[in-house]
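Worksheet: one structure, shown below.
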Amino acid sequence: MAFKGAPDSVALILFFVFWYAGNMKYNEYNTAALNAVGGKTSGLTMTVATMQLGVCAVYAMIVWAIKLNPAKLFGLQAPDKQSMPNVTQADLIKSMKLAFCAAGAHAATVFALGGDPLFGQIVKAAEPVLAAIVGTVFYNKAPTFYKVCCLPIIVGGVAFASLKKGGDGSYSLKFDVTALVFGMLANAFAAFKGGENSKLMADKGIAERYGGVGNQFAVTQILGFIILLPIMYATEGAKLPFFFDKLKTDSSLQFNLVMSGLAFFIYNELATYTLKVTGAVTASVANTAKRVIVMVYMAA
């Protein structure tokens, strides 16, 4: 008898657990990669974000080459067989909106967390609010009353968990303009990404040609990498020689850039598995609850 693995309900819980764990490690590797190129003032944040998607693209091609996706092992289920999808040019065009939103959300998040990781997480906590608004206005998918009631509690909880005690005994938040602006931009992109992802997976024809969530996610990351490349060259092209020279010799940059890209791909693929079952708003709420755990981990 073929190995079937854990029941879907158990696998879903494990996907959530490793989604959270993967995001913790991504934050760690991402911060280290940004610090390796000089931090938020280096002018290479877009380059780091783009190269992370480049790592994702390479990983996706390796999965297609070996025709096996190990992601479901995190849910104690058998790996999926995964070959290159038989998508058409029209399918890729339909996927571009999702890829653009995904790439925008990723790049803006890297900028926000590069500005100030703690305050960036607070701003990103507003993501489910925007997801609810965007879902209602643009995708005719209003959240339930109970989910709406949960939103201010979760967002407020993240902000409360981020308070720091000063020398005088008072509590305050560290404000960062970069984290605020790019965090809200990332929220907007992420809200549309959730809606576009659900809409794309609901198209049975495209879903069949993709051959599974794994392929759909892989193609999204490859398209996102292609989208960010010209933006990277336009905004940070003058500093690319310095970046590549440093990449050749700095083992810390090499390791953390590759690991941040891998962690990003894997935890987002697991998040995509949960989105397929839970829906965009529920996933955003879970994503926000995750931020508290991430902040505790980073502060430890």
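The values are calculated or read from the model by the stated rules, or taken from the named source; none is laboratory data. No experiment lies behind these values; they were computed from the predicted model shown. Note that each Cβ is placed from the backbone with ideal geometry, even for glycine, and that neighbours are counted across all protein chains shown. Calculation scope for accessible area: heavy atoms of the full protein, side chains included, ligands and nucleic acids excluded. Shrake-Rupley method; radii C 1.70, N 1.55, O 1.52, S 1.80 Å.
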Among the candidates Val296, Val277, which residue alone is under 24 Å from Gly39 (Cα atoms) and either open to solvent by less than 20 Å² (accessible area, probe 1.4 Å) or at pLDDT below 95 (or both)?
Val296
Which numbered condition trips up Gly104, out of (1) touching a Pro at 6+ places or on another chain (Cβ under 8 Å); (2) surrounded by 15 or more Cβ atoms within 10 Å (Cβ to Cβ); (3) of a type outside the set (Ser, Thr, Tyr)?
(1)
Flagged in the range 1-48 as touching a Phe, Trp or Tyr at 6+ places or on another chain (Cβ under 7 Å) and without any contact (Cβ under 8 Å) to a residue 40 or more places away in the chain, in numbering order, are none
Of all residues being over 17 Å from the mean Cα position of the chain (by Cα) and open to solvent by less than 50 Å² (accessible area, probe 1.4 Å) in the range 39-69, which is nearest to Leu240 (Cα to Cα)? Just the residue, please.
Leu44
Could you check, for the range 216-226, whether at least one of its residues is over 18 Å from the mean Cα position of the chain (by Cα) and open to solvent by 30 Å² or more (accessible area, probe 1.4 Å)?
no
